[in-house]
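Participant: Pasting in a structure now, in structure tokens, and then I'll have a few things to ask.
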Amino acid sequence: MKKIFGIVLLCGFFACQSTEVDSNIELTEFTKELVSMYVNAEQNIDAINRNDEIIIVSITDDTCYRLALFANNPQDYDYCREDYIGQTTYLGYAVRVFGYENPSFFRLIRKIRKPELCSYNYDWEYDPDVWYICLYKDGSLCTQETEKVAPDEGISDIQSLVEKYFSVLESNK
């Protein structure tokens, strides 16, 4: 009986361990709070209960910095892009980052040698609940391009977070 209990306890111990990833990036405080808001949002409860990974896509153009943030269930869909930057663990979730390096959102600790090439072997539609955040380069929020899953959802909490971490030039307020 003790032997069976020991095996069950040992298996349970390993099953409960969070999945640690080999981190090569460090999230900024802004991005940590944004991820925390995302995982605690009511509409994301199913993804969080499955312990999905968090995907961040960082895009930069002449006027704005953009982030896309969503949960991905790697057992159902292997999210992959050729512009993979790196990964870390935050709040027990694997966080993978793609796109352009941006020190406002994360810091690269070390470059990875060569990311794996993507293999697209899925023939069904992939439609996660995505939050889009758009910041002008002066640090102000572009409210027209910032949304949580549905365009009619409020973004006041994102606005407050941006104001907390990014100083906006006085002339633009």
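Participant: Long-range amide H contacts for PHE166: which residues qualify at under 5 Å (H placed 1.01 Å from N, peptide plane, sequence gap of 5 or more or a different chain)?
Facilitator: Hits under the 5 Å cutoff: none.
Participant: At a probe radius of 1.4 Å, what is the per-residue accessible area of LYS111, in Å² to the nearest 10?
Facilitator: About 150 Å², ignoring ligands and nucleic acids.
The values are calculated or read from the model by the stated rules, or taken from the named source; none is laboratory data. For clarity, every value in this text was computed on a predicted model and none was experimentally measured. Surface areas here come from the heavy atoms of the whole protein model, side chains and all, with no ligands, DNA or RNA. Shrake-Rupley method; radii C 1.70, N 1.55, O 1.52, S 1.80 Å.
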